[in-house]
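Notes for the one structure printed next.
The values are calculated or read from the model by the stated rules, or taken from the named source; none is laboratory data. Here the structure is a predicted model, which is why all the values come from computation and not from measurement. Ideal geometry is used to build each Cβ from the backbone, glycine not excepted, and the neighbour counts take in all protein chains shown. Accessible surface is based on the protein model in full, side chains and every heavy atom, while ligands, DNA and RNA are left aside. Shrake-Rupley method; radii C 1.70, N 1.55, O 1.52, S 1.80 Å.
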Amino acid sequence: MIDKDVHSHHISQQFNAELDTIKTHMLEMGGLVERQVRDAIAALIEGDSESAETVKVNDAKINSMELSIDKECTNILARRQPAASDLRLIIAISKAVIDLERIGDEAGKIATQAIQLSESGESPRGYKEIRHIGNHVGFMVRDALDAFARFDVDMALAVAKEDKLVDEEYGTAVRSIITFMMEDPRSISQMINVIWALRSLERIGDHARNIAEHVIYLVKGRDVRHFGIKEMTAEVQDK
């Protein structure tokens, strides 16, 4: 198990600086991704196609950040040949940036749905569900990044537990929308856009859970990606 200060005890201060830099870059990428999700949801609910276009444009910056951080991780692996917790930190960062890039992709998909719905000129049913689930997964992304910044496995576990609730909320929302479409077939086109947006939000929750699992791997040294919540809880609580 590691604590938040474990990466500051190398003889080489340059190595310390390199580890701090890639972690900082990953968290900066996370901040941009978090904002992308928030902006995409707002663009959809407010029918703001201009903001939605900005979200889509910013996705290229997220892709560039992923490539840059991946290169930094590869360079450290090649030059420093890290072991133990240092190696786990680099692996966890390299995996987390993949999930962050995919969250960015999902935000871009929501922005696409926002543009299409804006062009229809109406506010369809389902925005309440989008706002609710959007807020939920937004908090998950934020907390997953905070957990990574602090090496906080308890917060990471809490994020993982929230994913099941998001899945349940998503299922309930989709069933409600399908019922509405059956009652009013004229709404089908718009409601399909809403369902796709909800699907993207559900996937963002999955990726937030993945980041939380990377934190547990980093701190505890165990890969918990295929653990159930009960097994994951036991791993986190095992001192």
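Hey, can you rank 17-28, 177-188 by average C-beta count inside 10 Å, highest first? Mind showing how you got there, number by number?
Numbers: 17-28: 16.6, 177-188: 12.9.
Ranking, from highest mean packing down: 17-28, 177-188.
What pairs from Lys56/Lys164; Lys71/Lys220; Lys61/Lys230; Lys95/Lys230 go past 30 Å between their alpha carbons? Please report the intermediate quantities before stating the final value.
Values: Lys56/Lys164 28 Å; Lys71/Lys220 26 Å; Lys61/Lys230 38 Å; Lys95/Lys230 23 Å.
Distance filter (> 30 Å) returns Lys61/Lys230.
So what is the relative contact order for the range 22-75, in percent, with contacts set as C-alpha pairs under 8 Å and at least six apart? The partial results should precede the final answer.
Details: 23 pairs, mean separation 24.2, N = 54.
It comes to 45 percent, rounded to a whole number.
Order of 142-149, 100-107 by packing, highest average Cβ count within 10 Å first? Each step should come with its number before you reach the end.
Values: 142-149: 21.8, 100-107: 24.4.
Ranked from most to least packed, the peptides come out as 100-107, 142-149.
Roughly to the nearest percent, how much of the accessible area of the chain is carbon and sulfur, given a 1.4 Å probe? Mind dumping the intermediate values first?
Numbers: 5940 of 11800 Å².
Roughly 50 percent of what the probe reaches on the chain is carbon or sulfur.
Let me know the shape class of the range 16-169, please: from the alpha-carbon gyration tensor, a ≥ b ≥ c as square roots of the eigenvalues, rounded when a/c is under 1.5, otherwise prolate if a/b is greater than b/c, or oblate.
Details: a/c = 3.44, a/b = 1.77, b/c = 1.95.
It comes out oblate by the Cα gyration axes.
Taking 8 Å as the Cα distance limit and 6 or more residues as the minimum spacing, I'd like the relative contact order of the chain as a percentage.
Numbers: 301 pairs, mean separation 63.5, N = 239.
The value is 27 percent.
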